[in-house]
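Here's the structure we're looking at; comments come further down.
The values are calculated or read from the model by the stated rules, or taken from the named source; none is laboratory data. Because the structure is a prediction, the values reported are computed rather than measured. Ideal geometry is used to build each Cβ from the backbone, glycine not excepted, and the neighbour counts take in all protein chains shown.
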Amino acid sequence: MTQRKTVLITGTSSGIGRAAAQHFARKGWNVAATMRRPDADNVLASLPNTKLYALDVTSNDSIESAMESVVRDFGAIDCLVNNAGYGVDGVFEAMSDEVIVKQFETNVFGLMKTTRAVIPRMRANNGGSIVQVASMGGRITFPLFSIYHGTKWAVEGFSESLHYELRPFDIHVKIVEPGAIKTDFYGRSRVFVGGDRAEYRSIVEKAEKVSQGPAQSGAPPELVAATIEKASRNTGRKLRFPVGAPAPMLLALRRVLPESWFFAIVRGSYGL
């Protein structure tokens, strides 16, 4: 009988993280669903072979405590899904140091902290997989998302380099790059800055019409969840997994088109 594997997922209170917890549970994994306030959740706790844990990715103590509890309860962590994060967009000139630091603390440094904490545990367990939920915005950019893009480009570079040093331990790093997904990223999780700056009114108005489209028409988070689980099982050389329109198409275009042509496409789509 094959031993049931265990996945630890960060940021499972909503969106992609919640869908991933549900998907892994359906696939027969032990699921450690983590969030800052697990007591507020009455849905994931009812899933089979699923337990909820408090985990704040910005706190080393919180990360260590959660991972120790997961290993105690399930025996090992076979896969870490770094999903916790949120989006800041708006006018860079209007952004405070506090807004910028908080975005990087969660999206980059928090991801690095959980990754660092799980490595010795996976090495002792003779392998595992680390799936980083990045974004198509980790390799291409759009207007007014400079800080968010900065975090996702950092995740891409960090993870690409890391995969070389962990592969000898049979620890496989994978990057999932969602496109436009219908989640709270465009709603309650969004932090928008500088919309009232008169100097930027024209670009803000044009960008808003485009950037809010996925809130109604984006792909479902379940599509990303299935790709995350697929990536977690991939032991080959494939590193990146684009998912959800327009990610596969735009990332392909970015590779083959001259830079100026690609920028012209983006400007045209925003009416800039």
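In this structure, does Ala226 turn out to be among the aliphatic types (A, V, I, L, M) and assigned to a loop (DSSP other than H, G, I, E, B)? For Ala226, the condition - among the aliphatic types (A, V, I, L, M) and assigned to a loop (DSSP other than H, G, I, E, B) - is not met. If the condition is being closer than 30 Å to Ser260 by Cα and in contact with a Phe, Trp or Tyr (Cβ under 6 Å, 6 or more places away or on another chain), then the range 110-141 contributes only Gly138. The residue of the range 95-104 that is nearest to Gly195 (Cα to Cα), among those that are assigned to a helix (DSSP H, G or I) and over 14 Å from the mean Cα position of the chain (by Cα), is Val99.
Picking from residues in the range 196-218 that are in a loop (DSSP other than H, G, I, E, B) and at pLDDT 80 or above, the one that is surrounded by the most Cβ atoms within 10 Å (Cβ to Cβ) is Gly218. In the range 141-149, is there at least one residue being without any contact (Cβ under 8 Å) to a residue 40 or more places away in the chain, part of a helix (DSSP H, G or I) and buried (at least 18 other Cβ atoms within 10 Å of the Cβ)? Within the range 141-149 (the criterion being without any contact (Cβ under 8 Å) to a residue 40 or more places away in the chain, part of a helix (DSSP H, G or I) and buried (at least 18 other Cβ atoms within 10 Å of the Cβ)), the answer is yes, since at least one residue qualifies.
When we screen Lys238, Lys230, Lys182 for residues that are under 23 Å from Asp78 (Cβ atoms), of a type in the set (Lys, Arg) and surrounded by 14 or more Cβ atoms within 10 Å (Cβ to Cβ), the only hit is Lys230.
Among the criteria (1) touching a Gly at 6+ places or on another chain (Cβ under 6 Å); (2) farther than 28 Å from Val101 by Cβ, the one Ser217 does not fulfil is (1). Residues in the range 111-140 that are touching a residue at least 24 places away in the same chain (Cβ under 8 Å), within 27 Å of Tyr53 (Cβ to Cβ) and among the charged types (D, E, K, R): Lys113, Arg121, Arg123. Candidates in the range 83-94 are the residues that are out of contact with any Lys or Arg (no Cβ under 6 Å at 6 or more places or on another chain) and in a helix (DSSP H, G or I); of these, the one that is farthest from Tyr148 (Cα to Cα) is Glu93.
For the range 24-49, a tally of residues being surrounded by fewer than 20 Cβ atoms within 10 Å (Cβ to Cβ) and within 19 Å of Ser232 (Cα to Cα) returns 5.
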